[in-house]
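Reading through the C-alpha cells given below for one structure.
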Amino acid sequence: MNKKLMIATLISSSLLVGCGDKLSGQSAPMSPLVAAQPVTVIDYQQGKQYVGRTEAKEDVAITAQVSGYLQSRTFNEGEMVEKGQLLFEIEPAAYEARVASAKAAIAQAEATLKRADLDWERGKSLLPKGSISQSEYDRLTAEKLNAEAQLKSAKAQLNSAEIDLSYTKITAPFSGRISDSKVSIGDLVSASSGVLTTLVSLDPMQTSFNVSERQRLELGIDSLDGAGEGSNDVEVILTLTNGEEYEHVGKVDFIGNRIDLNTGTIAMRASFPNPEEALLPGQHVQVFLREKDPVQRIVIPRRAVQSDLEGDFVMVLVDGNVAERRNVVLGPQTEHGIIISKGVEKDDVVLTKGLQRVRNGVTVRLEDTEA
C-alpha cells in the first residue's frame, strides 16, 4: 500500500509542476491600443451670427412748405439725385409779388425814418432855445423811434417773403435715390398735402441687431473709438439672402446705453460702404460679428473629448507612452475641430481612438508603433 501511495504522490506532484510551468509561461495583459494626434493651433476670429435688416442712414419724406400749384417736376422717378438738386417747383408768382411788396415797404419805411430823423434833429437844436416845448420834442422823438421800428418790421417781412419764395423750389437735402412722385403737374399742394415723394441715402448703408450681454463681453465691445467712427475691436460681415457674402466689411458705429430688461440684449448698429448700391433699405441679411484680429487657439478632434461627473476631459500622451487625464474647458466648434480654452497646451498630443480601455496613468500602445 505504501508503494502505491508513493507512486500516486509522485504523479500528482509532476502534474502540478507541469501546470505551474504553463501558468508562468503566459504573458502579462497587453497595453491598450490607441491612436494619438498632436493638437492643432489655428488663427481664429471669434464671432456670432445675427439676423438683421438694412436701413438707410438718411430717409426723408419730401413735403411742400408753402401752398401753390405745382409748376414742374425735374427728376426721373427712381433715379439717383444729388444734394441740392431741384426736385419740384411751385408756381412762384404770388411769392415774388410778396417780395416786391416787402421791398417797397422797406423803401417807404426808410423815407419815413429819414424825415423823422430830420425833424428830431431840428427839434433837438430848438429845445434849448425855448422855440419848442418839451412835449413837442418828445413827440418828435416818438415818431423817430416808431419809424425805426417800422423799418425793422418791413425788413422782417422781406426776409419772410424771401424764405417763402425759396420754398417754391423744393431741392434734395442729401444725395440718394428718389422714389415715385405722389403728385402731378398742376396739383395744388401745401404743407397739409402730405408726402410728395421720398428720398433715401444708399452709401453708406446700416443694419441694426441685438447682442446678448455675454457675447458683448466676450467680444470686448465696450465703446466706439474716440472719433465716434466705430469699434476698432470687431468687424461685421454680411451674408445676403442668396448665400453670398457681401464684399465690403462693416464696422459697429452705434452701441446702446442700456441692457434690455426683457431680452437681456443690447442694441447695436453697423455701417457698411455701399458704392455699388448692392444694398437697399429693408433688405434681409445675416450679420456676422467677429473679432477684427485673429488670435491663436488650440483645436483638437471632437472625438478626443470625453465627459464624466467631473466634466469634460481628454487623455494626453506623456513620457513613456503614459496616458494622463486633463480636464478641459471647451470653446466653440470650428471646421478644424473643437477649440480648447483651457487644459491643453500647444505641444500636447491627445488620444483620439481606443479610449474605452484607457485610464489615467495607464501605458498605451500607439497604432503606428505596433509590430
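Please treat every number below as a calculation from the coordinates, not as lab data. Source: prediction; values computed, not measured. Reconstructed Cβ throughout: ideal geometry from the backbone, glycine too, with neighbour counts over all protein chains shown.
Computed quantities for the displayed model
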read-out: Size of charge dipole - the range 274-371 - debye, nearest 20, with Cβ of Lys, Arg +1 and Asp, Glu -1, no other charges; value: 360
read-out: Lys, Arg +1 and Asp, Glu -1 on Cβ, resulting dipole of the range 93-166 about Cα centre, debye, nearest 20; value: 200
read-out: Kirkwood Rh and Cα Rg combined as Rg/Rh, the range 248-371; value: 1.19
read-out: Angstrom value of the Kirkwood radius, inverse mean 1/r, which spans all Cα pairs in the range 132-171; value: 12.5
read-out: Difference of contour (0.36 nm per residue) and Cα-Cα distance, residue 163 to residue 240; value: 23.2 nm
read-out: Charge dipole (the chain, unit charges on Cβ, about Cα centre) - positive-most of 132, 234, 363; value: 363
read-out: Nitroxide proxy distance, nm - points 7 Å out along Cα→Cβ at residue 254 and residue 192; value: 3.4
read-out: Built amide H within the under 5 Å cut-off of residue 365, gap 5+; value: 33, 34
read-out: Nearest-0.05 FRET efficiency for residue 142 and residue 58, computed from C-beta distance (R0 51 Å); value: 0.45
read-out: Pairs of alpha carbons in the chain whose separation is greater than 28 Å (percent); value: 73
read-out: Percentage relative contact order, the range 93-166, counting C-alpha pairs under 8 Å, at least six apart; value: 55
read-out: Cα-based radius of gyration of the range 50-92 once divided by 2.2 N^0.38 Å, which approximates compact folds; value: 1.61
read-out: Inter-part distance where the range 104-160 and the range 161-185 are each reduced to a Cα centre, Å; value: 43
read-out: Kirkwood hydrodynamic radius over Cα pairs of the range 93-166, then Stokes diffusion coefficient at 20 °C and 1.002 mPa s, in µm²/s; value: 158
read-out: Highest-MSF residue in the chain out of 342, 57, 124 [GNM, Cα springs under 10 Å]; value: 124
read-out: Range of Cα positions in the range 101-239 per principal axis (Å), largest first; value: 92, 48, 21
read-out: Cβ-derived FRET efficiency at R0 30 Å, residue 346 paired with residue 233, nearest 0.05; value: 0.75
read-out: Cross-link pairs beyond the 26 Å C-alpha cut-off, checked among 182/251; 251/346; 57/251; 103/144; 103/124; 48/342; value: 182/251; 251/346; 103/124
